[in-house]
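Note sheet for the following structure.
The values are calculated or read from the model by the stated rules, or taken from the named source; none is laboratory data. All figures in this text were calculated on a predicted structure; none of them were measured in a lab. When we count neighbours, we look across all protein chains shown, and the Cβ atoms used for this are built from the backbone with ideal geometry, even at glycine.
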(Lines give C-alpha, C1' and ligand atoms only; values in the text may rest on other atoms or scores of the structure.)
Protein backbone atom coordinates (compact mmCIF):
# COMPACT_ATOMS: atom_id res chain seq x y z
CA UNK A 1 0.00 0.00 0.00
CA UNK A 2 2.80 2.40 0.95
CA UNK A 3 4.76 1.75 -2.26
CA UNK A 4 1.58 2.24 -4.31
CA UNK A 5 0.83 5.55 -2.59
CA UNK A 6 4.42 6.73 -3.11
CA UNK A 7 4.30 6.00 -6.85
CA UNK A 8 0.77 7.34 -7.28
CA UNK A 9 1.53 10.65 -5.53
CA UNK A 10 4.84 11.19 -7.36
CA UNK A 11 3.79 10.14 -10.85
CA UNK A 12 0.35 11.73 -10.51
CA UNK A 13 1.80 15.11 -9.53
CA UNK A 14 4.32 14.97 -12.39
CA UNK A 15 1.58 13.96 -14.85
CA UNK A 16 -0.38 17.06 -13.85
CA UNK A 17 2.62 19.18 -14.81
CA UNK A 18 3.74 20.02 -11.28
CA UNK A 19 7.48 20.86 -11.01
CA UNK A 20 9.48 17.90 -9.74
CA UNK A 21 10.57 19.67 -6.55
CA UNK A 22 6.94 20.31 -5.57
CA UNK A 23 6.00 16.76 -6.62
CA UNK A 24 8.59 15.45 -4.17
CA UNK A 25 7.22 17.67 -1.40
CA UNK A 26 3.70 16.47 -2.15
CA UNK A 27 4.86 12.84 -2.10
CA UNK A 28 6.51 13.31 1.29
CA UNK A 29 3.37 14.98 2.63
CA UNK A 30 1.18 12.15 1.28
CA UNK A 31 3.34 9.53 3.01
CA UNK A 32 3.18 11.50 6.27
CA UNK A 33 -0.60 11.64 6.04
CA UNK A 34 -0.89 7.92 5.18
CA UNK A 35 1.28 6.97 8.18
CA UNK A 36 -0.75 9.19 10.51
CA UNK A 37 2.17 11.47 11.40
CA UNK A 38 1.29 14.67 9.58
CA UNK A 39 3.17 17.65 11.01
CA UNK A 40 3.95 20.77 8.98
CA UNK A 41 6.89 21.60 11.26
CA UNK A 42 8.56 18.26 10.48
CA UNK A 43 8.00 18.94 6.78
CA UNK A 44 9.62 22.39 7.00
CA UNK A 45 12.46 21.10 9.17
CA UNK A 46 13.37 18.40 6.65
CA UNK A 47 13.34 20.91 3.78
CA UNK A 48 15.77 23.14 5.68
CA UNK A 49 18.01 20.27 6.77
CA UNK A 50 17.99 18.88 3.23
CA UNK A 51 20.00 21.83 1.97
CA UNK A 52 21.96 22.38 5.20
CA UNK A 53 24.93 20.27 4.18
CA UNK A 54 28.61 21.23 3.96
CA UNK A 55 29.34 18.85 1.03
CA UNK A 56 26.45 20.40 -0.95
CA UNK A 57 28.26 23.76 -0.84
CA UNK A 58 30.36 22.32 -3.65
CA UNK A 59 27.38 22.51 -6.03
CA UNK A 60 27.06 26.33 -6.30
CA UNK A 61 30.83 26.75 -6.48
CA UNK A 62 31.21 24.23 -9.31
CA UNK A 63 28.24 25.89 -11.05
CA UNK A 64 30.04 29.22 -10.72
CA UNK A 65 33.30 27.72 -11.99
CA UNK A 66 31.48 26.39 -15.08
CA UNK A 67 29.89 29.78 -15.83
CA UNK A 68 33.26 31.51 -15.49
CA UNK A 69 35.02 28.98 -17.72
CA UNK A 70 32.54 29.45 -20.55
CA UNK A 71 32.54 33.23 -20.27
CA UNK A 72 36.30 33.44 -19.76
CA UNK A 73 37.32 31.67 -22.95
CA UNK A 74 38.59 28.45 -21.37
CA UNK A 75 36.17 26.31 -23.39
CA UNK A 76 37.22 27.92 -26.68
CA UNK A 77 40.92 27.42 -25.95
CA UNK A 78 40.33 23.75 -25.12
CA UNK A 79 38.55 23.24 -28.46
CA UNK A 80 41.42 24.98 -30.29
CA UNK A 81 43.94 22.74 -28.52
CA UNK A 82 42.01 19.60 -29.44
CA UNK A 83 41.74 20.85 -33.03
CA UNK A 84 45.51 21.29 -33.21
CA UNK A 85 46.05 17.78 -31.85
CA UNK A 86 43.60 15.64 -33.85
CA UNK A 87 41.88 17.96 -36.33
CA UNK A 88 43.92 16.59 -39.26
CA UNK A 89 42.74 12.98 -38.82
CA UNK A 90 39.97 11.89 -41.24
CA UNK A 91 36.78 12.78 -39.40
CA UNK A 92 39.00 14.86 -37.17
CA UNK A 93 36.36 17.33 -36.01
CA UNK A 94 34.47 14.46 -34.37
CA UNK A 95 37.59 13.42 -32.50
CA UNK A 96 38.07 17.05 -31.53
CA UNK A 97 34.59 17.02 -29.99
CA UNK A 98 35.42 13.89 -27.97
CA UNK A 99 38.81 15.14 -26.74
CA UNK A 100 37.41 18.59 -25.93
CA UNK A 101 34.46 17.04 -24.07
CA UNK A 102 36.78 14.92 -21.91
CA UNK A 103 38.94 17.93 -21.04
CA UNK A 104 35.96 20.19 -20.38
CA UNK A 105 34.39 17.47 -18.24
CA UNK A 106 37.35 17.82 -15.92
CA UNK A 107 36.61 21.54 -15.61
CA UNK A 108 32.85 22.02 -15.33
CA UNK A 109 31.11 18.81 -14.18
CA UNK A 110 27.97 19.88 -16.04
CA UNK A 111 26.75 18.03 -19.13
CA UNK A 112 24.39 20.83 -20.14
CA UNK A 113 27.12 23.49 -19.92
CA UNK A 114 29.51 21.38 -22.02
CA UNK A 115 26.77 20.59 -24.56
CA UNK A 116 25.97 24.27 -25.00
CA UNK A 117 29.63 25.25 -25.41
CA UNK A 118 30.52 22.42 -27.83
CA UNK A 119 27.35 22.94 -29.89
CA UNK A 120 28.11 26.62 -30.30
CA UNK A 121 31.81 26.15 -31.08
CA UNK A 122 32.04 22.87 -33.02
CA UNK A 123 28.69 22.01 -34.58
CA UNK A 124 28.78 24.79 -37.21
CA UNK A 125 32.36 23.78 -38.10
CA UNK A 126 31.36 20.13 -38.53
CA UNK A 127 28.39 20.99 -40.73
CA UNK A 128 30.47 23.35 -42.91
CA UNK A 129 33.10 20.61 -43.31
CA UNK A 130 30.43 18.31 -44.78
CA UNK A 131 29.60 16.04 -41.83
CA UNK A 132 26.02 14.88 -41.45
CA UNK A 133 24.34 17.46 -39.14
CA UNK A 134 22.29 14.88 -37.24
CA UNK A 135 25.29 12.61 -36.63
CA UNK A 136 27.47 15.54 -35.60
CA UNK A 137 24.85 16.79 -33.13
CA UNK A 138 24.42 13.26 -31.78
CA UNK A 139 28.16 12.91 -31.20
CA UNK A 140 28.37 16.24 -29.37
CA UNK A 141 25.38 15.33 -27.19
CA UNK A 142 26.87 11.91 -26.37
CA UNK A 143 30.30 13.37 -25.62
CA UNK A 144 28.82 16.01 -23.32
CA UNK A 145 27.45 13.44 -20.88
CA UNK A 146 31.01 12.47 -19.93
CA UNK A 147 30.95 15.61 -17.73
CA UNK A 148 29.03 14.01 -14.81
CA UNK A 149 31.48 11.07 -14.75
CA UNK A 150 34.95 12.63 -14.82
CA UNK A 151 35.64 14.70 -11.68
CA UNK A 152 34.70 17.25 -10.59
CA UNK A 153 31.12 16.00 -10.91
CA UNK A 154 28.04 17.69 -9.48
CA UNK A 155 26.12 14.42 -9.88
CA UNK A 156 28.64 12.56 -7.70
CA UNK A 157 28.32 15.24 -5.03
CA UNK A 158 24.53 14.89 -4.92
CA UNK A 159 24.72 11.09 -4.92
CA UNK A 160 27.43 11.07 -2.26
CA UNK A 161 25.31 13.23 0.05
CA UNK A 162 22.14 11.21 -0.60
CA UNK A 163 23.91 7.85 -0.13
CA UNK A 164 26.34 8.95 2.60
CA UNK A 165 29.35 7.80 0.56
CA UNK A 166 32.79 9.43 0.26
CA UNK A 167 32.60 11.99 -2.54
CA UNK A 168 36.39 11.90 -2.93
CA UNK A 169 36.27 8.14 -3.63
CA UNK A 170 33.45 8.66 -6.15
CA UNK A 171 35.47 11.37 -7.90
CA UNK A 172 38.55 9.16 -8.23
CA UNK A 173 36.47 6.13 -9.26
CA UNK A 174 34.88 8.08 -12.12
CA UNK A 175 38.10 8.90 -13.98
CA UNK A 176 38.67 5.62 -15.85
CA UNK A 177 34.98 4.94 -16.70
CA UNK A 178 34.71 8.51 -18.02
CA UNK A 179 37.71 7.97 -20.28
CA UNK A 180 36.26 4.63 -21.43
CA UNK A 181 33.04 6.42 -22.42
CA UNK A 182 35.18 8.68 -24.60
CA UNK A 183 36.91 5.64 -26.11
CA UNK A 184 33.55 4.05 -26.95
CA UNK A 185 32.53 7.24 -28.77
CA UNK A 186 35.89 7.36 -30.59
CA UNK A 187 35.42 3.81 -31.90
CA UNK A 188 31.80 4.44 -32.91
CA UNK A 189 32.68 7.68 -34.70
CA UNK A 190 35.59 5.92 -36.48
CA UNK A 191 33.16 3.26 -37.78
CA UNK A 192 30.54 5.76 -38.89
CA UNK A 193 32.75 8.45 -40.38
CA UNK A 194 34.34 6.06 -42.89
CA UNK A 195 31.11 6.34 -44.89
CA UNK A 196 31.50 10.10 -45.19
CA UNK A 197 33.82 11.76 -47.66
CA UNK A 198 35.00 14.81 -45.76
CA UNK A 199 38.34 16.51 -46.30
CA UNK A 200 40.10 16.83 -42.93
CA UNK A 201 41.68 20.04 -41.70
CA UNK A 202 45.35 20.63 -42.51
CA UNK A 203 47.76 19.18 -39.99
CA UNK A 204 48.82 21.78 -37.45
CA UNK A 205 52.54 22.52 -37.30
CA UNK A 206 54.50 21.81 -34.15
CA UNK A 207 54.61 25.53 -33.50
CA UNK A 208 50.81 25.77 -33.76
CA UNK A 209 50.35 22.81 -31.43
CA UNK A 210 52.80 24.32 -28.96
CA UNK A 211 51.00 27.68 -29.11
CA UNK A 212 47.60 26.05 -28.54
CA UNK A 213 49.05 24.06 -25.65
CA UNK A 214 50.54 27.18 -24.03
CA UNK A 215 47.21 28.99 -24.30
CA UNK A 216 45.40 26.03 -22.73
CA UNK A 217 48.04 25.08 -20.16
CA UNK A 218 46.54 27.03 -17.27
CA UNK A 219 43.06 25.65 -18.01
CA UNK A 220 44.49 22.11 -18.09
CA UNK A 221 46.07 22.72 -14.71
CA UNK A 222 42.70 22.95 -12.97
CA UNK A 223 41.71 19.23 -13.12
CA UNK A 224 45.23 18.29 -12.01
CA UNK A 225 44.90 20.59 -9.00
CA UNK A 226 41.44 19.25 -8.11
CA UNK A 227 42.25 15.54 -8.55
CA UNK A 228 45.70 15.88 -6.99
CA UNK A 229 44.32 17.76 -4.02
CA UNK A 230 41.67 15.10 -3.41
CA UNK A 231 44.10 12.23 -3.93
CA UNK A 232 46.61 13.55 -1.38
CA UNK A 233 44.05 14.93 1.05
CA UNK A 234 44.98 18.59 0.57
CA UNK A 235 41.33 19.62 0.49
CA UNK A 236 37.82 18.21 0.58
CA UNK A 237 35.49 18.08 -2.46
CA UNK A 238 33.74 21.21 -1.16
CA UNK A 239 37.02 23.06 -0.80
CA UNK A 240 38.06 21.85 -4.26
CA UNK A 241 34.96 23.55 -5.70
CA UNK A 242 36.02 26.85 -4.13
CA UNK A 243 39.54 26.36 -5.51
CA UNK A 244 38.09 25.69 -8.97
CA UNK A 245 35.90 28.81 -8.93
CA UNK A 246 38.67 31.11 -7.67
CA UNK A 247 41.25 29.60 -10.05
CA UNK A 248 38.94 30.02 -13.07
CA UNK A 249 38.12 33.58 -12.01
CA UNK A 250 41.76 34.63 -11.65
CA UNK A 251 42.76 33.10 -15.00
CA UNK A 252 39.78 34.61 -16.85
CA UNK A 253 40.35 38.11 -15.46
CA UNK A 254 44.11 38.50 -15.05
CA UNK A 255 45.60 36.06 -17.59
CA UNK A 256 43.16 35.73 -20.50
CA UNK A 257 41.54 39.10 -19.84
CA UNK A 258 38.20 37.98 -21.34
CA UNK A 259 36.11 38.85 -18.29
CA UNK A 260 35.91 42.41 -16.99
CA UNK A 261 34.97 43.22 -13.42
CA UNK A 262 31.65 44.73 -14.56
CA UNK A 263 30.74 41.41 -16.25
CA UNK A 264 30.97 39.44 -13.02
CA UNK A 265 27.52 40.31 -11.66
CA UNK A 266 25.55 38.63 -14.50
CA UNK A 267 27.81 35.55 -14.24
CA UNK A 268 27.25 35.31 -10.48
CA UNK A 269 23.49 35.81 -10.91
CA UNK A 270 23.24 33.04 -13.54
CA UNK A 271 25.25 30.66 -11.35
CA UNK A 272 23.01 31.52 -8.39
CA UNK A 273 19.84 30.85 -10.40
CA UNK A 274 21.09 27.46 -11.59
CA UNK A 275 22.30 26.53 -8.11
CA UNK A 276 18.97 27.55 -6.55
CA UNK A 277 17.08 25.13 -8.82
CA UNK A 278 19.36 22.22 -7.91
CA UNK A 279 19.47 23.01 -4.20
CA UNK A 280 15.68 23.34 -3.92
CA UNK A 281 15.37 19.96 -5.64
CA UNK A 282 17.76 18.45 -3.10
CA UNK A 283 15.93 20.06 -0.18
CA UNK A 284 12.53 18.85 -1.40
CA UNK A 285 13.87 15.36 -2.07
CA UNK A 286 15.15 15.04 1.49
CA UNK A 287 11.54 15.18 2.72
CA UNK A 288 10.64 12.20 0.53
CA UNK A 289 13.89 10.44 1.45
CA UNK A 290 13.13 10.77 5.17
CA UNK A 291 9.59 9.50 4.69
CA UNK A 292 10.84 6.63 2.51
CA UNK A 293 13.03 5.54 5.43
CA UNK A 294 10.27 5.96 8.02
CA UNK A 295 7.80 4.03 5.83
CA UNK A 296 10.40 1.23 5.44
CA UNK A 297 10.09 1.24 1.66
CA UNK A 298 13.68 -0.01 1.21
CA UNK A 299 12.90 -3.01 3.44
CA UNK A 300 9.78 -3.75 1.40
CA UNK A 301 11.74 -3.50 -1.86
CA UNK A 302 14.49 -5.71 -0.47
CA UNK A 303 11.87 -8.32 0.44
CA UNK A 304 10.47 -8.19 -3.10
CA UNK A 305 13.91 -8.64 -4.65
CA UNK A 306 15.18 -11.13 -2.08
CA UNK A 307 15.75 -13.87 -4.72
CA UNK A 308 18.22 -11.58 -6.54
CA UNK A 309 20.38 -10.75 -3.52
CA UNK A 310 22.49 -13.89 -4.03
CA UNK A 311 23.30 -12.84 -7.61
CA UNK A 312 24.81 -9.33 -7.51
CA UNK A 313 25.38 -9.13 -11.29
CA UNK A 314 21.77 -10.07 -12.05
CA UNK A 315 20.58 -7.56 -9.45
CA UNK A 316 22.79 -4.83 -10.97
CA UNK A 317 21.49 -5.70 -14.43
CA UNK A 318 17.86 -5.37 -13.27
CA UNK A 319 18.58 -2.07 -11.50
CA UNK A 320 20.35 -0.67 -14.57
CA UNK A 321 17.35 -1.56 -16.74
CA UNK A 322 15.01 0.15 -14.27
CA UNK A 323 17.20 3.29 -14.24
CA UNK A 324 17.26 3.30 -18.07
CA UNK A 325 13.46 3.29 -18.12
CA UNK A 326 13.23 6.02 -15.47
CA UNK A 327 15.86 8.07 -17.32
CA UNK A 328 13.66 8.36 -20.39
CA UNK A 329 11.07 10.30 -18.38
CA UNK A 330 13.05 12.04 -15.64
CA UNK A 331 16.12 14.28 -15.41
CA UNK A 332 19.31 13.20 -13.66
CA UNK A 333 19.11 15.10 -10.37
CA UNK A 334 15.57 14.04 -9.36
CA UNK A 335 16.32 10.46 -10.41
CA UNK A 336 19.35 10.39 -8.12
CA UNK A 337 17.43 11.94 -5.24
CA UNK A 338 14.41 9.66 -5.58
CA UNK A 339 16.08 6.30 -6.25
CA UNK A 340 19.22 6.54 -4.09
CA UNK A 341 17.54 6.16 -0.67
CA UNK A 342 15.44 3.29 -2.06
CA UNK A 343 18.27 1.38 -3.74
CA UNK A 344 21.21 1.81 -1.34
CA UNK A 345 19.92 -0.58 1.37
CA UNK A 346 19.37 -3.16 -1.37
CA UNK A 347 22.91 -2.66 -2.70
CA UNK A 348 24.41 -3.05 0.78
CA UNK A 349 22.31 -6.17 1.46
CA UNK A 350 23.63 -7.73 -1.76
CA UNK A 351 27.23 -6.94 -0.81
CA UNK A 352 27.86 -4.69 -3.83
CA UNK A 353 30.60 -2.07 -3.47
CA UNK A 354 28.71 1.24 -2.88
CA UNK A 355 31.33 3.28 -4.76
CA UNK A 356 31.12 0.93 -7.75
CA UNK A 357 27.34 1.17 -7.69
CA UNK A 358 27.54 4.97 -7.45
CA UNK A 359 29.68 5.16 -10.58
CA UNK A 360 27.39 2.79 -12.50
CA UNK A 361 24.27 4.61 -11.30
CA UNK A 362 25.59 8.01 -12.38
CA UNK A 363 26.77 6.69 -15.77
CA UNK A 364 23.29 5.28 -16.37
CA UNK A 365 21.69 8.57 -15.33
CA UNK A 366 24.10 10.48 -17.55
CA UNK A 367 23.05 8.40 -20.56
CA UNK A 368 19.49 9.26 -19.56
CA UNK A 369 20.33 12.87 -20.46
CA UNK A 370 20.37 11.84 -24.14
CA UNK A 371 17.41 9.46 -24.11
CA UNK A 372 14.18 10.91 -25.53
CA UNK A 373 11.65 12.28 -24.82
CA UNK A 374 13.04 14.31 -21.86
CA UNK A 375 16.78 14.24 -22.72
CA UNK A 376 18.00 17.58 -21.30
CA UNK A 377 21.24 17.46 -23.28
CA UNK A 378 19.36 16.56 -26.47
CA UNK A 379 17.22 19.66 -26.03
CA UNK A 380 20.29 21.80 -25.34
CA UNK A 381 22.10 20.64 -28.49
CA UNK A 382 18.95 21.03 -30.59
CA UNK A 383 18.36 24.54 -29.26
CA UNK A 384 21.92 25.86 -29.47
CA UNK A 385 22.70 24.08 -32.75
CA UNK A 386 19.34 25.04 -34.30
CA UNK A 387 18.66 21.44 -35.36
CA UNK A 388 15.35 19.66 -34.98
CA UNK A 389 14.93 17.32 -32.02
CA UNK A 390 14.11 14.45 -34.39
CA UNK A 391 17.46 14.80 -36.16
CA UNK A 392 19.44 14.99 -32.92
CA UNK A 393 17.63 11.92 -31.59
CA UNK A 394 18.38 9.99 -34.78
CA UNK A 395 22.02 11.06 -34.69
CA UNK A 396 22.57 10.13 -31.05
CA UNK A 397 21.32 6.52 -31.32
CA UNK A 398 24.54 4.73 -32.43
CA UNK A 399 26.59 6.55 -29.78
CA UNK A 400 24.02 5.88 -27.07
CA UNK A 401 24.02 2.18 -27.97
CA UNK A 402 27.83 2.09 -27.68
CA UNK A 403 27.63 3.67 -24.23
CA UNK A 404 24.96 1.20 -23.10
CA UNK A 405 27.16 -1.68 -24.31
CA UNK A 406 30.03 -0.31 -22.20
CA UNK A 407 27.68 0.09 -19.23
CA UNK A 408 26.62 -3.55 -19.34
CA UNK A 409 30.22 -4.70 -19.85
CA UNK A 410 30.98 -2.97 -16.57
CA UNK A 411 28.03 -4.83 -15.01
CA UNK A 412 29.47 -8.15 -16.21
CA UNK A 413 33.04 -7.20 -15.26
CA UNK A 414 32.92 -4.90 -12.21
CA UNK A 415 36.72 -4.95 -12.00
CA UNK A 416 36.78 -2.46 -14.91
CA UNK A 417 35.57 0.11 -12.38
CA UNK A 418 36.71 -1.32 -9.04
CA UNK A 419 40.41 -1.96 -9.74
CA UNK A 420 41.29 1.51 -11.10
CA UNK A 421 39.23 3.09 -8.31
CA UNK A 422 41.19 1.23 -5.63
CA UNK A 423 44.48 2.05 -7.33
CA UNK A 424 43.70 5.78 -7.56
CA UNK A 425 42.32 5.92 -4.02
CA UNK A 426 45.50 4.25 -2.75
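Go through (1) crowded, with 20+ Cβ neighbours inside 10 Å; (2) in contact (Cβ under 8 Å) with a residue 60 or more places away in the chain; (3) assigned to a helix (DSSP H, G or I) for residue 131 and report which single condition fails.
Single failed check for residue 131: (3).
Tell me, which residue of segment 240-259 that is farther than 17 Å from residue 108 by Cβ and in contact with a helix residue (DSSP H, G or I) (Cβ under 8 Å, 6 or more places away or on another chain) is surrounded by the most Cβ atoms within 10 Å (Cβ to Cβ)?
253
Going by the conditions given, is residue 124 under 19 Å from residue 99 (Cβ atoms) and in a helix (DSSP H, G or I)?
Judged against the criteria, residue 124 is a match.
Is there a residue being within 18 Å of the chain's Cα centre (by Cα) and modelled with pLDDT of 90 or more anywhere in segment 185-198?
yes
If we scan segment 320-329, do we find a residue that is modelled with pLDDT of 85 or more, buried (at least 18 other Cβ atoms within 10 Å of the Cβ) and closer than 17 Å to residue 348 by Cα?
Yes.
Which of the residues belonging to segment 319-346 are over 20 Å from residue 286 (Cα atoms) and free of Cβ contacts under 8 Å to residues at least 24 places away in the same chain?
Those that are over 20 Å from residue 286 (Cα atoms) and free of Cβ contacts under 8 Å to residues at least 24 places away in the same chain: 321, 322, 325.
Please report, ordered by residue number, the helices (runs of 4 or more DSSP H) entirely within segment 360-426 with at least 3 residues that are without any contact (Cβ under 8 Å) to a residue 24 or more places away in the chain and surrounded by fewer than 20 Cβ atoms within 10 Å (Cβ to Cβ).
389-412, 415-425
Which one of these is crowded, with 24+ Cβ neighbours inside 10 Å and either touching a strand residue (DSSP E or B) at 6+ places or on another chain (Cβ under 7 Å) or not in a helix (DSSP H, G or I) (or both): 117, 143, 147?
That would be 147, the only listed residue that is crowded, with 24+ Cβ neighbours inside 10 Å and either touching a strand residue (DSSP E or B) at 6+ places or on another chain (Cβ under 7 Å) or not in a helix (DSSP H, G or I) (or both).
Can you find, within segment 222-239, the residue that is farthest from residue 152 (Cα to Cα) among those that are loosely packed, with under 15 Cβ neighbours inside 10 Å and in contact with a helix residue (DSSP H, G or I) (Cβ under 8 Å, 6 or more places away or on another chain)?
So the residue we want is 234.
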